[in-house]
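Take a look at the structure set out below.
The values are calculated or read from the model by the stated rules, or taken from the named source; none is laboratory data. Just so it is clear, the model here is predicted, and its values are computed rather than measured. When we count neighbours, we look across all protein chains shown, and the Cβ atoms used for this are built from the backbone with ideal geometry, even at glycine. Surface accessibility is based on the protein's heavy atoms, side chains included, excluding ligands, DNA and RNA. Shrake-Rupley method; radii C 1.70, N 1.55, O 1.52, S 1.80 Å.
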Amino acid sequence: MKYIITHMNHYFISAQYEKDVCIALHSYKEKNINNADIAMGNIYIGRVENVVKNINCAFIEIQKGVKCYYSLDDNKKHIFLRKENDGRVNQGDALLVQVCKEPLKTKSATVTGKIELAGKYLVLSTDVDGVYVSSNIKNDSRCKLLKDGLISYLDNQSNEFANITDYGFILRSNSIYAQEEDVINEAKKLIDHFYKILKNGIYGKFCTCLYQSVPSYIQEIQDLSSEHLEEIITDDMQVAELLKQSLTGKDIEKVRWYQDDMLPLYKLYDVEKQLKKALSPKVWLKCGGFIVIQQTEALVSIDVNSAKCVSKKRGEQALEDTYFKVNMEAAAEIAIQLRLRNISGIIIVDFINMKENEHYNQLIAALKEYFKKDKIMTTFVDITRLGLVEITRKRVGKTLKEVYEDYRIE
């Protein structure tokens, strides 16, 4: 896996390449690189402006004039930074909250009381009690030993803010490559950081930002296992230094600063062309077919067409085999495009109708395998009676199209 982090037309772009194929693109306005605005993961001292009982939620102000949605159904445990009245959320309360969804168009940001601080190997979370292991590595014997070692360390620690909130840890997939000493040291750093946030929260003013999340491109790189990360190339010296400060071990040595006035980095890797292709509704397949991706407010529709893919043979079986070939290639491309465009929510795919059930079974099995490669939860749901394939993908940040609409990238 190779990462390219560069500037283009007053935009900051990170591109992820796998075997020289671009599989993910993220674009930001340059002023947002350091997350000065409201960004997912930021932690605030929020003031409860009002409680709306009929929809069981509260609206919490985290910046002057900026109110965020806070679900009382999803947040059963609240982190009060001042003495609460009755354990329930009331107007005027000071709560520790973290942004879990950024504002989008007319929708305000969403905040949660489930605070998380992520490291390379661990996630400190107020939503768990004790030590848990990521589902991807829960059966690994070595991770069970790391879990036992971390539990032993935590048993000897005292929580000086236990009257405010408890916390626990989740061992991330990367911990499978870590030594116990590395895990314990990271746990100590996360605890110290969390206590600092709580202390500042108790004595701080309303609407104070207590923690700014690291830029998205650093989070993405931290999520990768070291063995899958080949190289990180950037033409921004400040970004290179920030990466070296944020990464650990051999990953630091993989950061490379690129400088060539004659050939900018974005041209070397054809980033502009990749961006335009990722914003185009039509994507051509090698077999001659194509898919059309249409994003709407409610859902995303994807239509598969055979187009120029024509079999030289004649007959129903030849036609069936052609449709199967196009659908299988389209399935692989759809999995790539979901990641590339960061498409989320409800996705409906209209594959070319086939007659053989075995072909549908192979298509579904292939989709499920492709979705396993996506670090963001992507789920095959069902095929409707009309033959439409239903897929859902967890929302993490804005889609590339939404960024394009907000900032008018050309």
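Table for the structure above
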| item | result |
| --- | --- |
| Computed label-point distance, nm, for sites Val128 and Met262 using a 7 Å Cα→Cβ extension | 5.2 nm |
| Surface per residue (accessible, 1.4 Å probe) for the chain, Å² | 54 Å² |
| Accessible carbon and sulfur surface of the chain relative to its total accessible area, %, 1.4 Å | 49 percent |
| Solvent accessible area, Å² - Tyr28, 1.4 Å probe, full protein context | 50 Å² |
| Rel. contact order, % - alpha carbon contacts under 8 angstrom, at least six apart, the chain | 14 percent |
| Antiparallel bridges, percent of DSSP beta bridges restricted to the range 299-410 (to nearest 5) | 70 percent |
| Cα gyration tensor shape of the range 255-409, rounded if a/c is under 1.5, else prolate or oblate by comparing a/b with b/c | prolate |
| For the range 317-368, alpha-carbon Rg over 2.2 N^0.38 Å | 1.20 |
| Cleavage-rule hits, trypsin sites (Lys or Arg not before Pro), the range 296-346, DSSP coil, Cβ neighbours within 10 Å at most 15 | Lys308, Lys312, Lys313, Arg314 |
| Which label in (1) 168; (2) 139; (3) 264 gives the computed volume of the Cα convex hull per residue in Å³ | (1) |
| Selection of trypsin sites (Lys or Arg not before Pro), the range 238-292, meeting DSSP coil and at most 15 other Cβ within 10 Å | Lys286 |
| Kyte-Doolittle at least -1.0, axis length at least 27 Å by Cα - qualifying DSSP helices, the chain | 180-203, 316-340 |
| The range 53-118 versus the range 133-198: alpha-carbon centroid distance in Å | 26 Å |
| For Val381, solvent-accessible area (1.4 Å; no DNA, RNA or ligand), Å² | 80 Å² |
| Antiparallel DSSP beta bridges within the chain, as percent of all bridges there, nearest 5 | 80 percent |
| Cα-based shape type of the range 146-260, given that a ≥ b ≥ c are square roots of the gyration tensor eigenvalues and the cut on a/c is 1.5 | oblate |
| CD proxy at 222 nm, helix term only [per DSSP H run n ≥ 4: -39500 (n - 2.57); per residue of the chain; nearest 500] | -9000 deg cm²/dmol |
| Rounded, prolate or oblate (a/c below 1.5 giving rounded, otherwise prolate when a/b exceeds b/c) for the range 227-295 by Cα gyration tensor | prolate |
| Rel. contact order, % - alpha carbon contacts under 8 angstrom, at least six apart, the range 121-209 | 44 percent |
| Accessible area (Å², 1.4 Å probe, nearest 10) - Cys57 | 0 Å² |
